[in-house]
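Coordinate-derived values only; no laboratory data. For clarity, every value in this text was computed on a predicted model and none was experimentally measured. Cβ placement follows ideal geometry from the backbone for every residue including glycine, while neighbour counts extend to all protein chains displayed.
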2 protein chains.
Amino acid sequence: MRSATIKDVAEQAGVSLKTVSRVINNEPSVHARTREKVQRAIEALDYRPDPSARSLRSTRAYAVGLVYDNPNPHYIISMQSGVLAACRKSGYGLQIHPCDSTSPRLAEELVALVGNARLAGLVLAPPMSEQPELIRKLAAAKIPFMRVISARQDPQDGYPCVYVDDRDAAYAITEHLIQLGHTRIGFLWGGRDHRSSPERYQGYEDALKDYGIALDRKLILPGDYSFDDGFRGARKLLALKDRPTAIFGSNDEIAAGVLAAAHSSGLSVPWELSIAGFEDSPFSKQSWPALTTARQATEEIARHAAQRLIGNLQRAANGEPLEEGNEGFSPELVVRGSTAPLRSAPAKR
Amino acid sequence: MRSATIKDVAEQAGVSLKTVSRVINNEPSVHARTREKVQRAIEALDYRPDPSARSLRSTRAYAVGLVYDNPNPHYIISMQSGVLAACRKSGYGLQIHPCDSTSPRLAEELVALVGNARLAGLVLAPPMSEQPELIRKLAAAKIPFMRVISARQDPQDGYPCVYVDDRDAAYAITEHLIQLGHTRIGFLWGGRDHRSSPERYQGYEDALKDYGIALDRKLILPGDYSFDDGFRGARKLLALKDRPTAIFGSNDEIAAGVLAAAHSSGLSVPWELSIAGFEDSPFSKQSWPALTTARQATEEIARHAAQRLIGNLQRAANGEPLEEGNEGFSPELVVRGSTAPLRSAPAKR
């Protein structure tokens, strides 16, 4: 049997030779449905394009860059998986670019990255996605990007994003603890350069207020989205004379640190201390006890962000107007073994 | 003050215009020292090449691909960090390519990846790095690659690699448990498609043999490198009439599952059950108690692998012979709170 040719593929898929060639070369200006049709024909005919010939014909490689600065491996892997899922569907590669979000030359670094690596566009994770100056510079350099940000609603600031309502989920977690009878609820902040931190804090404060519980500043500590800050923060809170009966860590890494601090203090969780996190990372299911948390569909959020970026690239390539409006996500409360009803009235001073 | 030109950079660095242009375009045929000299001059003069002009001049983007199939986020993030460190030093980008190691068309997939994305070469993680058929096909397609494999010594099989001596470290872990008085030591396997699994098992078996402890097949269970298999395996071992007093999980994810199973059975760790893992993942420091494990310098190993790949690419571009010999790494025993002396003689049937 003779090998299939590009002409066979075009006939079987009912498209032009040019379209098959575009699919093979991973050019963005092909709609997903057409791409799938061609790929099915390639599969069915077992057509093998010659890679060396291909790289001569096409002078561009299409890849998206994912820009992040986050110490949490679970979050990063989920972001990568989501962006990759969208990239693969459209024939894009994924270049990863961890960076220092505090670098004064970050905009220049990203512009150079896109230029050097011929990236089609960037997906920006927090906190880079939340730096207005950086965003303006990237837009001025005509770099296509999509932001993942924390916001209650569509910011309508003229730049595309997907947004996550952290405040609502943090409210739900705090409310859950209050409904279990807790009134002394510690709160450990995440990094101040992430907009999600004040959003989560606000959800906590709003819930206390709505339930008529006075805010006690001694129970609220600054820190970063890290295990170590969770551990340190919890040690401080647990050393208070009138210690909290529940601690809400701003993410699961912090909550993991709280859990370790509780264990090391000989406190039984959840009976002597309730603990809640945020994110639904794998750790939150594997710890003992498993963590009450907010399910933040990081992978899905990242997939949508990349899909919208690629969709816009394809629209731009086809001379069509870009997608209007942005997409929002709401994390949901997940109750597990680390939270329980208050057993007795908290000790009074 | 006028802006610096490429000529100023060449003069300051004491190299030709062509060399500066090569550095700016991230071409591989520049030695690291020259590259650094040019980059220092660019920095000192605050020279900004025009990215749009640059992309017209140079038709190639240089990126390395990292190929992996592993459920363990800590391992993956460490691999990525190591490869990235080497890439950045030499001006390469990093494309990530998680894949299905059991796919019958994996070789074709990787050849297409390199062709489509114009990758300069691949770093292959286990188990892909340990599939002889795949390796032969990549070599036949003239794709430059570097393998990270598990082996006691340089395999000298004609293909480049960095190798990790898992057996020796597994021996050290088992010996540590024996020296604490344990003789009934459970062993939970990792995935059979990873060569590290039989290597770690062999270290366990060798240590028992050297200390004159008879192998008990009931204490050895198959599984994958996952939390769930650790949990399931430990539940089975702990249900034995003559249960083990220590369990060695083939990696930290498995050991985390064992820890959860012990907690859920009400066993105090380490006093009623000693647990050891392998890898020194962040979890192993954050769990309660922290895990005794083997420190596998994944990031450093990956960095060396990528450096050797890029070094060979530069040698090939300069017409020089490739580096001879391969590099080996030995994980080291790290003792933490999850292992303790046997308190009493194990129950006899």
Handout entry: Rel. contact order, % - alpha carbon contacts under 8 angstrom, at least six apart, region A:239-284
Key = 48
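Evaluate the relative contact order of chain B (contact order divided by residue number), counting alpha-carbon pairs under 8 angstrom at least 6 apart; express in whole percent.
Once normalised by length, the contact order is 18 percent.
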Completion exercise
Within the under-14-Å Cβ sphere about B:Leu138, not counting B:Leu138, Lys/Arg +1 and Asp/Glu -1 give a net charge of 0
Fill in the blank from the handout: Under a Gaussian network model of chain B whose springs join Cα atoms within less than 10 Å, the largest fluctuation of B:Pro331, B:Pro321, B:Pro160 belongs to B:Pro321
Problem - Using a 7 Å Cα-to-Cβ projection, A:Asp228 label spacings across copies, nm, ascending - result: 3.4
Practice task
Partner chain Cβ atoms within 10 Å, averaged over the residues of B:94-102 - can you pull that number for me?
Solution key: 4
Fill in the blank from the handout: Cβ density ranking, 10 Å radius, fewest first, applied to B:Glu36, A:Glu299 yields B:Glu36, A:Glu299
Fill in the blank from the handout: Fewest-first ordering of A:Ile173, B:Ile96 by Cβ atoms within 10 Å yields B:Ile96, A:Ile173
Handout entry: Degrees separating the helix A:73-89 axis from the principal Cα axis of chain A, which is the longest one
Key = 30
Exercise for the section: Search the structure for amide H atoms under 5 Å from the amide H of B:Leu333, placed 1.01 Å from N in the peptide plane, and list their residues when 5 or more places away or on another chain. Expected result: B:Arg295
Practice task
Rounded to whole Å and sorted largest first, list the principal axis extents of the Cα atoms in chain A.
Solution key: 85, 46, 31
Fill in the blank from the handout: If labels are modelled 7 Å from Cα along the Cβ direction, B:Arg295 lies from its partners in the other copies at nm distances, smallest first, of 4.0
Exercise for the section: Write out the trypsin sites (Lys or Arg not before Pro) in region A:234-331 meeting two conditions: DSSP loop, and at most 12 other Cβ atoms within 10 Å of their Cβ. Expected result: A:Lys241
Completion exercise
Largest fluctuation, A:Ala140, A:Ala256, A:Ala63 only, Gaussian network model of chain A with Cα springs under 10 angstrom, belongs to A:Ala140
Practice task
For A:Asp46, place a label point 7 Å out from Cα along the Cα→Cβ vector, do the same in each other copy, and report the separations in nm, one decimal, smallest first.
Solution key: 6.2
Problem - For B:109-115, mean number of other protein chain Cβ atoms within 10 Å - result: 3
Handout entry: For A:Asp8, B:Asp229, B:Asp210, order by how many other beta-carbon atoms lie within 10 Å, fewest first
Key = B:Asp210, A:Asp8, B:Asp229
Fill in the blank from the handout: Partner aspartates and glutamates whose C-alpha sits under 14 Å from that of B:Lys137, ignoring same-chain residues fewer than 8 away, are B:Glu108, B:Glu109
Problem - Degrees between helix A:227-238 axis and first principal axis of chain A (Cα, 0 to 90, nearest 10) - result: 20
Exercise for the section: Could you work out how far the C-alpha centroid of region B:114-169 sits from that of region B:236-314, in angstrom? Expected result: 25
Problem - chain A: most fluctuating residue of A:Gly319, A:Gly203, A:Gly257 per GNM, C-alpha cutoff 10 Å - result: A:Gly319
Exercise for the section: Check the straight Cα-Cα distances from A:Lys236 and name the lysines below 27 Å, setting aside those fewer than 8 residues away within the same chain. Expected result: A:Lys209, A:Lys218, A:Lys285, A:Lys348, B:Lys285
Handout entry: With Cα atoms, 0 to 90° folded angle of helix A:166-179 axis to chain A main axis
Key = 30
Completion exercise
At 4 °C and 1.567 mPa s, the Stokes-Einstein diffusion coefficient in µm²/s for region A:188-307, with hydrodynamic radius from the Kirkwood sum on alpha carbon pairs, is 88
